[in-house]
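K.L.:
Structure incoming, see below.
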Amino acid sequence: QVQLVESGGGLAQAGGSLRLACAASGRTLSSKAMGWFRQAPGKGREFVAAISQSGSSTYYSDSVKGRFTISRDNAKNTVYLQMNSLKPEGTAVYYCAASTDSYRLHSGVVGSWGQGTQVTVSS
């Protein structure tokens, strides 16, 4: 089991940027596909982005494509989510997730979740 801890959340203005980080411990991150989900108040958890074990493949939801970038540094056991051109509807708790492969992760089949970090975007 891998333990995940997110950081980097906070308050940003619409059009601004934030960078989230997810540090893993317990197992080597390089064996896991990694991703980010978010949950807005009163809504279900939704997929945001995923990255393959090597980092060669990335996947995004249509709502963030072109604005968010997921990346990973396996040497540092860390995954990142660079969020640009933020919108107020992006206000949510953002969760880091690990899975055996990107397809499963995109489908919500997740082996490990982080505790979440709050992102608030003001208009």
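K.L.:
I'm told Gly116 meets every condition in (1) free of Cβ contacts under 8 Å to residues at least 24 places away in the same chain; (2) in contact with a strand residue (DSSP E or B) (Cβ under 7 Å, 6 or more places away or on another chain) except one. Can you identify the failing condition by its number?
P.N.:
The single condition Gly116 does not satisfy is (1).
K.L.:
While we're looking at this one, here's another question. What number of residues within the range 30-58 are among the charged types (D, E, K, R) and not in a loop (DSSP other than H, G, I, E, B)?
P.N.:
If we filter the range 30-58 for residues that are among the charged types (D, E, K, R), which is where we start, we get 32, 38, 43, 45-46.
From the residues that got through so far, the ones that are not in a loop (DSSP other than H, G, I, E, B) too are 38, 45-46.
Count: 3.
K.L.:
In contact with an Asp or Glu (Cβ under 8 Å, 6 or more places away or on another chain) and modelled with pLDDT of 95 or more: which single residue out of Tyr95, Tyr60 fits that description? If you could, list the steps in order and put the result at the bottom.
P.N.:
Values: Tyr60 fails: in contact with an Asp or Glu (Cβ under 8 Å, 6 or more places away or on another chain).
None of the others qualify; the one that does is Tyr95.
K.L.:
Which ones in the range 65-94 are among the hydroxyl-bearing types (Ser, Thr, Tyr) and assigned to a loop (DSSP other than H, G, I, E, B)?
P.N.:
Filtering the range 65-94 for residues among the hydroxyl-bearing types (Ser, Thr, Tyr) gives 69, 71, 78, 80, 85, 91, 94.
Scanning the range 65-94 gives Ser85, Thr91.
K.L.:
Something else now. Go through the range 9-29 and give me each residue that's in contact with a helix residue (DSSP H, G or I) (Cβ under 7 Å, 6 or more places away or on another chain) and part of a strand (DSSP E or B). Spell out how you get there, then give the answer.
P.N.:
Here is the first cut: in the range 9-29, the ones in contact with a helix residue (DSSP H, G or I) (Cβ under 7 Å, 6 or more places away or on another chain) are 14, 29.
Listed by number, the list is empty, since nothing qualifies.
K.L.:
Within the range 30-75, take every residue that is open to solvent by less than 20 Å² (accessible area, probe 1.4 Å) and of a type in the set (Phe, Trp, Tyr) and give me the one that is nearest to Ala92 (Cα to Cα).
P.N.:
Phe37
The values are calculated or read from the model by the stated rules, or taken from the named source; none is laboratory data. Please read these numbers as outputs of a predicted model, since none were measured by experiment. Counting neighbours? That spans all protein chains shown, and the Cβs are built from the backbone with ideal geometry, glycine included. These area figures cover heavy atoms from the full protein model, side chains too; ligands, DNA and RNA do not enter into them. Shrake-Rupley method; radii C 1.70, N 1.55, O 1.52, S 1.80 Å.
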